[in-house]
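Below is one structure; the comments refer to it alone.
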């Protein structure tokens, strides 16, 4: 299998940071606040490989650093230290060594992001079709009818009524907004998709449909995905491999079935037990 | 000068700064160069940006033409011309385009084409085309730097969705030299193609917003559009599909203003008064 992303030693610190930050925080200290300088160590030493078409789950409670990891990889914020290598079609790119224009181009053309809150991923002042058009226009598709056609296709694919494509997303239900967001993320057919708590806050039947949609997309387009969630059900359904995080550290990793059936770390055991 | 005011009102340091900004603007076509817009003896928004450019560029052997919406006789043009005449002893003023070396204009580019030895200065109220999609200037600067204009294009997309055509009537966003998009000041769409491959240097001055930018001679200027929804200019056809004519000179090519005459009839007349007069002279010999 071909590798698409290789992350090594990714760390994120909010605050001034000191030499003792990493050695005085973590699960064994039951805290991610450095007692010496007061900085928050949101993420430390995250390393993983991702392969083409694979879905990797990142699981953990809120504040465990799972969203921070995805936000760093999608350039919403720059990490404190660490490296990430993206294997594009022909070349390899060190994500955190790119200049802002290269980062933006990668973000627009090769990555897709679906946030928990559609507010972050969609522009609520322009129509659903316009939101998809924006991403297509970013990648230099300059033909109006082609943009319309692609937007209509994508919305149909994500089961949004195409008759409503010229309506503002704020008139849509939460589930529909989420689908428009997925359609927008898929507009440029990115090889890598980040999903940050996509089903949180939606009712169960809508959750199931969106998860189905994600699986279909994965098998259809062979898109690699990183799924961040605190929901064990989502992990069980989507992810082939899973990382479990706590206080900014990975405490357990492996095949999803293995982790859910035979958790090794006390925290994972607790997590799995409490879900059942 | 005997009354203690420097030639062209501005002190030499201010002129030098403006000229330096102009050079930078010419070197980076379409880039908005910030400058320290001086206080002028008139309110900002009355053409102080254009006026400062004119004052920094004018010399005693220049011939100046000042236009406001195509006319040499409207209030803004008359006042600016008087002020420049007063503060720049020795210069000539004219209403004839062909005689002018320096032309300051508001909201129009002259009908007839400019020459390489002429400079056109346009007064600009809002220099940044991105202001309609991004309120923060910091972010707009990054967007300009990276040529990130997708949100502006989405605006055009939404226009076509709602109205089947692009509804921007003036200040039409135009890409200069393949990178920066400028607000070409409130000129009508009719004038936008004149920016492209112009013989003369075209300078833009925004006094309130403290920006100078330029479209150098023979530079690419492309109005934003989609491949299959091309940019188009006002066509001035009546309900029968015929081109309206100027009632004064009979021109069928010019940009027309609409009036209601004393009988309550709709009549049309060239917006560029100098062009209209020249056409009438040609007709009557």
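Laboratory data are not the source of any read-out in this text; all were calculated from the coordinates shown. Just so we're clear, the structure is a prediction, and the values are computed from it rather than from any experiment. Don't worry about glycine lacking a Cβ; one is built from the backbone with ideal geometry, like all the others, and counts go over all protein chains shown.
Specify the residue with the greatest mean-square fluctuation among A:226, A:33, A:182, computed from a Gaussian network of chain A linking alpha-carbon atoms under 10 Å apart.
A:33
How do B:190, B:172, B:268 rank when sorted from fewest to most other Cβ atoms within 10 Å of their own Cβ?
Exposure proxy ranking, most exposed first: B:268, B:190, B:172.
Other chains near B:54-64: what is the mean number of their Cβ atoms within 10 Å of each residue's Cβ?
That works out to 0 on average.
In nm, what is the difference between 0.36 nm times the number of residues separating residue B:79 and residue B:63 and their Cα-Cα distance?
4.1 nm
Ranked by Cβ crowding within 10 angstrom, fewest neighbours first, how are A:54, B:262 ordered? Mind dumping the intermediate values first?
Values: A:54 20, B:262 6.
Fewest-to-most Cβ neighbours within 10 Å comes out as B:262, A:54.
Report the relative contact order of chain B, percent, no decimals, based on alpha-carbon pairs under 8 angstrom and at least 6 residues apart.
Reported relative contact order: 21 percent.
Quick one: if the Förster radius is 45 Å, what FRET efficiency do residue B:137 and residue B:263 give, using the C-beta to C-beta distance and rounding to 0.05?
0.35
Return the FRET efficiency for the residue pair residue A:105, residue B:112: r is the Cβ-Cβ distance, R0 is 41 Å, and the value is rounded to the nearest 0.05.
0.40
Whole number please: convex hull volume per residue, Cα atoms of segment A:80-151, in Å³.
Looking at segment A:80-151, the number lands at 134 Å³ per residue.
Report, in whole Å, the centroid distance computed from the Cα atoms of segment B:51-115 and segment B:159-223.
21
Please report the spacing between the Cα centers of segment A:136-208 and segment A:1-61 in Å, no decimals.
31
How long is the gain from residue A:6 to residue A:124 if the chain were fully straight, where each residue apart is worth 0.36 nm and the alpha carbon distance is subtracted?
Difference between extended and current length: 39.1 nm.
With r as the distance between the Cβ atoms of residue A:33 and residue B:13 and R0 = 56 Å, compute the FRET efficiency 1/(1 + (r/R0)^6) and round to 0.05.
After rounding to 0.05, the efficiency reads 0.55.
Just need the relative contact order of segment B:1-103 here, percent rounded to a whole number, with Cα pairs under 8 Å and 6+ apart.
About 29 percent, as a whole number.
Just tell me how shielded A:144-156 is by partners: mean number of partner chain Cβ atoms within 10 Å of each residue's Cβ, no decimals.
Mean shielding by partner chains, rounded to a whole number: 2.
Let me have the 222 nm mean residue ellipticity of chain B computed from DSSP H runs of 4+ only, each contributing -39500 (n - 2.57), with the sum over all residues rounded to the nearest 500.
On the way: 6 runs with 74 residues, N = 285.
Rounded to the nearest 500, the figure is -8000 deg cm²/dmol.
Semi-axes of the equivalent ellipsoid of segment A:122-261: what are they in whole Å, largest first, if each equals the square root of 5 times a C-alpha gyration tensor eigenvalue? All intermediate terms of the calculation are to be shown ahead of the outcome.
On the way: eigenvalues 184, 52, 34 Å².
Equivalent ellipsoid of segment A:122-261: 30, 16, 13 Å, largest first.
Exposure proxy check: A:249, B:266 ranked by fewest other beta carbons within 10 Å?
Fewest-to-most Cβ neighbours within 10 Å comes out as B:266, A:249.
Can you pull the Kirkwood radius for chain B, inverse mean 1/r over Cα pairs, to one decimal in Å?
After inverting the pairwise mean of 1/r, the radius is 19.9 Å.
Relative contact order of segment A:111-258, please, whole-number percent, based on alpha carbon pairs below 8 angstrom and at least 6 residues apart.
Taking the mean separation of contacting Cα pairs over the length of segment A:111-258, I get 25 percent.
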